[in-house]
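To start, the structure under review is shown below, and the notes come after it.
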Amino acid sequence: MGLVYANIELINPKEKTLQPMKVNALVDTGAITLCIPEHVVIQLKLEKLEQREVTTADSKKRLVDYVGPIQVRFGNRNCFTGALVLGDAVLLGAVPLEDMDLVISPRSQTIMVNPESPNIPTALVKNIR
């Protein structure tokens, strides 16, 4: 499977006068959270909440800013989260994907709304054995 990208909108829910930012995000299920570059933070006027230590793909650890809140929108789905300020492109990790109930289509190398729940996102709250 190659790289998967998705057109998403990023919104600062505290700044109603700002337009949503439309971005093409790299989808990475190996990443946990949303990562955004500094220019997105500036354009959306996102608030720095704290610093967090991250481990990057090259096994290096460093401190990065954590900002939010930020609303992520894809199709008829959205979620509210925070974002790590890191890199030069938007990276959409597993938590926002799960929160919006999105699935990856390996054949088309895209993400899509879960076809088993096209109208309302579903979530697994308790694992019943």
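May I ask you to derive the relative contact order of the chain, considering only C-alpha pairs under 8 Å and at least 6 residues apart, and to give it as an integer percent?
This gives 28 percent for the chain.
Ordered by residue, what ³J(HN,Hα) values in Hz, to whole numbers, does region 102-109 give under the Karplus form 6.51 cos²θ - 1.76 cosθ + 1.60, where θ = phi - 60° and Gly and Pro are x?
9, 10, 9, 9, x, 5, 8, 6
What ³J(HN,Hα) values, in whole Hz, does the Karplus curve 6.51 cos²θ - 1.76 cosθ + 1.60 give for region 85-93 when θ = phi - 60°, with x put for Gly and Pro?
8, 6, x, 10, 8, 7, 10, 9, x
Given the options LEU46, ALA94, ILE36, identify the residue whose Cα lies farthest towards the positive end of the charge dipole of the chain (+1 on Cβ of Lys, Arg; -1 on Cβ of Asp, Glu).
ALA94
Roughly how many whole Å is it from the C-alpha centroid of region 1-28 to that of region 56-129?
11
Would you work out which of ILE104, VAL125, VAL67 lies farthest towards the positive end of the dipole of the chain? Charges go on Cβ: Lys and Arg +1, Asp and Glu -1.
Result: VAL125, furthest along the dipole toward the positive end.
Find how much the distance from GLU9 to ALA123 grows on full extension, using 0.36 nm per residue of separation minus their present alpha carbon separation; answer in nm with one decimal.
Between GLU9 and ALA123, full extension yields 38.9 nm more.
What are the aspartates and glutamates whose alpha-carbon lies under 16 Å from the alpha-carbon of LYS48, with same-chain residues fewer than 8 places away excluded?
LYS48 reaches GLU15, GLU38, ASP65.
Could you please report the charge total around VAL64, scoring K, R as +1 and D, E as -1 over all other residues with beta-carbon less than 9 angstrom from its beta-carbon?
0
Rg to Rh for the chain: what is it, with Cα atoms only and Rh by Kirkwood?
0.97
The numbers here are math on the coordinates, done by the rules we state, and not lab data. The structure presented is a predicted model; accordingly, all values stated were derived computationally and were not measured. A quick note on method: Cβ atoms are made from the backbone with ideal geometry, for glycine too, and the neighbour counts reach across all protein chains shown.
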